[in-house]
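Reviewing the structure listed below.
The values are calculated or read from the model by the stated rules, or taken from the named source; none is laboratory data. Since the model is a prediction, treat every value here as computed from it, not as a measurement. Here the Cβ positions follow ideal geometry from the backbone for every residue, glycine too, while neighbour counts run over all protein chains shown.
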Amino acid sequence: MNKKVVKVSAPGKLMLFGEHSVVYGMPCIVTAVNQRMHVKIQKMKGDLIIINAPEVKINNFSISISDLGKIEYPKEVKFVLKSIEVYFNKYKVSSGLKITTHSEFSNLFGFGSSSAVTVCMINALSEIFNIEVSNKSLFDIAYKTVLSVQGVGSGFDLAVAVSGGTIYFIKGGKIIRPINVGRLPLIVGYTGIKADTATLVRRVSEDYKKNKKKIEEIFNSVTKIVNKSRSLLVLKDYVKLGELMNENQKLLYRLGVSIPKLDKLTKAATDAKAYGAKLSGAGGGDCMIALADKKDVRKVKKAISEAGGIVIPVKTGAEGVKIEK
Ligand code: PMV
């Protein structure tokens, strides 16, 4: 029997190693964070889809099912609506819906609110229409949805929103392998600057066309770091992992995606005895991450704050998408 109300949540994410090169088919490592996106879906009679998303100031937005795919969606609700459009088309289902989203994290941090909401939507729709969808299919439908909205992306954020934990990932879900790492002593600093991932990815792609040799050399070095860090994570060798974070940051700087604020926050962290620090994600703003010994955590957090960053408390390796009671 079809269920009438479904609640789903999915975690946000932090890229640990391998941003940008992952777009070119190389591996990356990403972890799920304990700050989550929540979606509640209710079936309704009629042909309206009504959305409430208080964090992005959406109050009773409504669209009729017959307009799906025909009009330009407002940016605040485009991932929700595109998920429905893709899902309805794929499974030949349809119903009026009332949807409420709630995020435990700001969409400014770069924690992947769009990917988390997309994964929540696909999972919730499958529950509500009683359609069995494997984790791999869930990823595939979500990836198709995100690509049709923003045109670019490796899908790493979707994969970890589905699986949770910490994973080794190759573009399009070609490889998604859990890494047995447990919780990492990670400190997160927000720059206060919102980055636009698609713009940065396009910028790197322009640069790739002009300076193929240089960019390939950077990506190959990043890939060596990703592969080394995969085993060091299992061994919990934070000293060596910290060194790899610093190396990865230097390469991202050479790639041109770091900005002075990210340089300042990562330097403040390492000056305060963090094992290592780097930007996390596309660069251009959003967050940096630092790895530190327990005894130095307070000092590192203070240094990041004094350098103008906003420390965000997170726990890594959080649970993947799940149905909530
Ligand atoms: O900006 P974020 O946190 O969504 O990270 C982007 C990471 C990239 O490798 C630059 C893009 C991608 O889709 O993998």
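From the set of residues in region 194-207 that are at pLDDT 95 or above and buried (at least 19 other Cβ atoms within 10 Å of the Cβ), which is nearest to ASN123 (Cα to Cα)? Here the answer is VAL201. The C-beta contact set for region 122-138 (first residue closer than 13 Å to LYS90 by Cα, second residue part of a loop (DSSP other than H, G, I, E, B) and at pLDDT 95 or above, distance under 6 angstrom, 6+ apart or interchain) comprises SER126/VAL133; PHE129/VAL93.
Inclusion of GLU104 among residues that are surrounded by fewer than 19 Cβ atoms within 10 Å (Cβ to Cβ) and either free of Cβ contacts under 8 Å to residues at least 24 places away in the same chain or aliphatic (A, V, I, L, M) (or both) is not warranted. Scanning region 138-160 for residues being more than 14 Å from the ligand (Cβ to nearest atom) and surrounded by fewer than 16 Cβ atoms within 10 Å (Cβ to Cβ) gives a total of 1. Taking region 89-101 on its own, how many of its residues are crowded, with 18+ Cβ neighbours inside 10 Å and out of contact with any strand residue (DSSP E or B) (no Cβ under 8 Å at 6 or more places or on another chain)? Going through region 89-101 one residue at a time, the tally reaches 0. Select from region 169-188 the residues that are away from the ligand (no atom under 12 Å from the Cβ), over 20 Å from ASN34 (Cβ atoms) and of a type in the set (D, E, K, R) and write down the one among them that is surrounded by the fewest Cβ atoms within 10 Å (Cβ to Cβ). Selected residue: LYS174. So in region 61-83, with the set limited to residues that are part of a helix (DSSP H, G or I) and small (Gly, Ala, Ser), which one is surrounded by the most Cβ atoms within 10 Å (Cβ to Cβ)? Out of the qualifying residues, it is SER83.
Within region 1-35, if we keep just the residues that are part of a strand (DSSP E or B) and away from the ligand (no atom under 16 Å from the Cβ), the residue that is farthest from VAL226 (Cα to Cα) turns out to be VAL5.
Just one of the listed residues (THR266, THR166, THR191) is buried (at least 19 other Cβ atoms within 10 Å of the Cβ), more than 30 Å from SER134 (Cα to Cα) and more than 14 Å from the ligand (Cβ to nearest atom), and it is THR266. For region 208-230, taking the residues that are closer than 19 Å to VAL30 by Cβ and touching a residue at least 60 places away in the same chain (Cβ under 8 Å), the one that is surrounded by the fewest Cβ atoms within 10 Å (Cβ to Cβ) is identified as ASN227.
Across region 182-205, the number of residues qualifying as assigned to a strand (DSSP E or B) and β-branched (Val, Ile, Thr) comes to 2.
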